[in-house]
Ligand code: SAH
Ligand code: SF4
């Protein structure tokens, strides 16, 4: 069965740019400024993003907090979403003063906050002179936040707008977690039980390649999944990669049960190397082996993302090859109609061809969904707001340094 779903439908880092869509828009656009309520000075550290172990070490060794007090701090910060140490009411005055003296709480600054007619919300958040996008996609039974892991991207996928921007820098763990905290804060979503939360899922499908910033992404994942804090279940988090092979198994080992999405986009090396240049470094065979290895560690189906580019990767033969390629591990294929952007060298496949392609996969026994765009009226695709502020420069991937 082929499903036309809006799940994971937020088309990652691409830009969506139809003038008609803008003209027809009934979008409400709001500009908001949210900053931490605690005084930030250069002498204090942002508490958001410090690992639990490190916070425990700092507070117990440097400031003589007892371990149960550290747990209280963690809970105020991540569970209750309290942004003022003075409101950490079960701590003593001395302890609150200590926290104020050495730390601050900073989720970032909301530079722009746009709401689509379909409820999709796009936030442009400033971090230390850079800006990144997060998009919240509400659905009947879940609410998904799409977060960015880098400012820009080095990988240069030819259909991706972010790929035309140079990598500015990796986001820190605090900036990745900050996107989730900011979204929860703006939606008054802290302190609720799991069932009542608006923000229930997180996907790493915004700007950047999460496995090329693994150190910070993994640190952020530990904080996001900590049961006494933000307590997001690993099965409700999906990390999307264009194929950083050495780190796929590592992700599975470090975070059993986490969701994995592979941006495959082609079923042969020739086409894939053209449109996803990192394929030259880690070709399809190695990528498929990494998927099989990941599957031995995780029971979840791997999502195979496949952008539909007219005349490039969308023939019936491509679909047949794709079905063969991914038949050796449990998967869910997500066909993504190409979102165009100014100067894009591709066109989206016809609706008819997308249906034919999906039907071939369906007949091969695969689960297929066709991603339905959301938030079109606010151009809710990553990379868009950044285009004015980031110098356009195409860069091919450099040598592998995913832990840097
Ligand atoms: N760097 C990671 C995660 C971010 S991109 C990755 O590549 O997986 C999230 C998804 O959006 C990827 O599958 C990506 O290939 C896809 N995408 C990028 N540009 C697109 C476009 N113009 N139209 C449709 N999908 C696009
Ligand atoms: Fe875009 Fe490719 Fe980078 Fe993903 S890896 S953000 S698709 S350029």
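Taken together, the values in this text are just the output of simple stated rules run on the coordinates, not laboratory data. Here the structure is a predicted model, which means the values were calculated and not measured. As a convention, Cβ positions derive from the backbone with ideal geometry for all residues, glycine included, and neighbour counts pool all protein chains shown.
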| Within the range 124-135, restricting attention to residues that are surrounded by fewer than 24 Cβ atoms within 10 Å (Cβ to Cβ) and part of a strand (DSSP E or B), which residue is farthest from ligand 1 (Cβ to nearest atom)? | 126
| request: Please give the number of the condition residue 307 fails out of (1) at positive phi; (2) surrounded by 14 or more Cβ atoms within 10 Å (Cβ to Cβ). | output: (1)
| task | Give the range 258-283 a look and list any residue that's part of a loop (DSSP other than H, G, I, E, B) and either within 13 Å of ligand 2 (Cβ to nearest atom) or over 18 Å from residue 326 (Cβ atoms) (or both), or say none. | result | 258, 264, 265, 266, 276, 281, 282
| said: When you check residue 328 against the structure, is it in contact with a helix residue (DSSP H, G or I) (Cβ under 7 Å, 6 or more places away or on another chain) and exposed (fewer than 15 other Cβ atoms within 10 Å of the Cβ), yes or no? | reply: yes
| said: Can you confirm whether residue 71 is out of contact with any strand residue (DSSP E or B) (no Cβ under 7 Å at 6 or more places or on another chain), under 24 Å from residue 184 (Cα atoms), without any contact (Cβ under 8 Å) to a residue 40 or more places away in the chain and away from ligand 2 (no atom under 16 Å from the Cβ)? | reply: no
| query | Inside the range 141-175, can you point out the residues that are assigned to a helix (DSSP H, G or I) and more than 13 Å from ligand 1 (Cβ to nearest atom)? | reply | 173, 174, 175
| said: Based on this model, can you work out whether residue 191 counts as surrounded by fewer than 20 Cβ atoms within 10 Å (Cβ to Cβ) and either more than 16 Å from ligand 2 (Cβ to nearest atom) or touching a residue at least 24 places away in the same chain (Cβ under 8 Å) (or both)? | reply: yes
